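The values are calculated or read from the model by the stated rules, or taken from the named source; none is laboratory data. If you're wondering where the values come from, they're calculated on a predicted model, not measured in any experiment. Glycine gets a Cβ as well: all are built from the backbone with ideal geometry, and neighbour counts include every protein chain shown.
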Amino acid sequence: MAIELSLQLTNNRPEIRNLRNRFDIFAQDNELPDKVIHDVQLALDEVVTNIVEYGYDDDDKHLIDIKFILNEQSLEIIIIDDANPYNILDKENPETALALEDKPIGGLGIYLVKHLMTNIDYDYRDGKNHLSLSKSLTEGDIN
Amino acid sequence: MDINESNSGNAVIIQPVGRIDTNTSTEFEEKLVEILDRSETNIVVDLSEIDYVSSAGLRVFLMAAKKLKSLSGNFILAAMNDHIKEVFDISGFTPIFTITPDTASAVDTIN
């Protein structure tokens, strides 16, 4: 049977800290492996920061819905927001094999999410971004 | 975030505690800028108390490494956990940073 946790955030930075703390408690309660906790915390930080910082053209309050669904094989995270349409799967990967002098500052967040999550799905419908991140609990470090 | 600071020989060692992410990276950056403003050129970051580093933290590391390279100084990252090491590998950061298993070997590299 799946264990679920649903949260609703508003689009401001302190909420990202709240999200992190809520997921920490969920992870502890369900004894998730360290590697899963690490990778999911990092993915949440990257994705939700992007939405809050760059997703909206106005200064209004917006709601972001986040649902965690835990089953025996994987943890799925569904993030639904009414920010501008943004499919992280379309984002071009940065050039990583560059010397220190040539390396641009920034642009790594989504690239890390793509690497650390086992599966990513994206859909834009009813005026909202629907992003699903899935992390396998069983395949260890194989992504 | 808590950031401890100490000296060993010519090196300044800073030890941030917790996570270097969207919430804390600005504070961490301010600390590094403050040390750079004192004309220190040998900085060791002890990561033994850091759980994770997000892209906001990677940005700060890159900025400091570029700055210290231009000053012919040293910027060394010590005692990172395996999760952070993987993030460094994915980002292409591992070959361009000086990474040591602990702060003692980082200080040896400098002195």
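Just a few scattered comments:
- When B:Asp82, B:Asp108 are checked against the criterion of being over 26 Å from A:Val113 (Cα atoms) and not β-branched (Val, Ile, Thr), a single residue qualifies: B:Asp108.
- Residue list for the stretch B:65-111, filter: of a type in the set (Val, Ile, Thr) and in contact with a strand residue (DSSP E or B) (Cβ under 7 Å, 6 or more places away or on another chain): B:Ile76, B:Ile84, B:Val87, B:Thr98, B:Ile99, B:Thr100, B:Thr103, B:Val107, B:Thr109, B:Ile110
- Elements of type helices (runs of 4 or more DSSP H) in chain B, at least 1 residues being over 27 Å from A:Asp102 (Cβ atoms): B:25-37, B:82-91, B:103-110
- Among the residues of the stretch A:92-117, the ones that are more than 15 Å from B:Phe61 (Cα to Cα), loosely packed, with under 11 Cβ neighbours inside 10 Å and within 7 Å of chain B (Cβ to nearest Cβ) come to 1 in all.
- Entry remark, the stretch A:32-49: residues being at the interface with chain B (Cβ under 10 Å from one of its Cβ atoms), surrounded by fewer than 21 Cβ atoms within 10 Å (Cβ to Cβ) and either in contact (Cβ under 8 Å) with a residue 24 or more places away in the chain or within 8 Å of the chain's Cα centre (by Cα) (or both) number 2 in total.
- Inclusion of A:Leu63 among residues that are buried (at least 17 other Cβ atoms within 10 Å of the Cβ) and either at pLDDT 95 or above or closer than 23 Å to A:Asp34 by Cβ (or both) is not warranted.
- Complete set of residues in the stretch B:34-65 that are buried (at least 16 other Cβ atoms within 10 Å of the Cβ) and among the basic types (Lys, Arg): B:Arg59
- B:Lys31 vs. criteria basic (Lys, Arg), within 11 Å of chain A (Cβ to nearest Cβ) and surrounded by fewer than 21 Cβ atoms within 10 Å (Cβ to Cβ): no
- Hits in the stretch A:1-31 (condition: modelled with pLDDT of 95 or more and either among the β-branched types (Val, Ile, Thr) or over 16 Å from the mean Cα position of the chain (by Cα) (or both)): A:Ile3, A:Glu4, A:Thr10, A:Ile25, A:Gln28, A:Asp29, A:Asn30, A:Glu31
So that you can scan it fast, the table gives a plain yes or no per residue for (1) at pLDDT 95 or above; (2) among the hydrophobic types (A, V, I, L, M, F, W, C); (3) within 19 Å of A:Asp65 (Cβ to Cβ):
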| position | (1), (2), (3) |
| --- | --- |
| A:Tyr86 | yes, no, yes |
| A:Thr96 | no, no, no |
| A:Asp102 | no, no, no |
| A:Val113 | yes, yes, yes |
| A:Asp121 | yes, no, yes |
| A:Gly127 | yes, no, yes |
| A:Ser132 | yes, no, yes |
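- Only residues that are surrounded by 19 or more Cβ atoms within 10 Å (Cβ to Cβ), touching a Ser or Thr at 6+ places or on another chain (Cβ under 8 Å) and within 14 Å of chain A (Cβ to nearest Cβ) were counted across the stretch B:7-28, and they come to 5.
- Residue match in the stretch B:59-66 (condition: free of Cβ contacts under 8 Å to residues at least 12 places away in the same chain and touching a helix residue (DSSP H, G or I) at 6+ places or on another chain (Cβ under 9 Å)): yes
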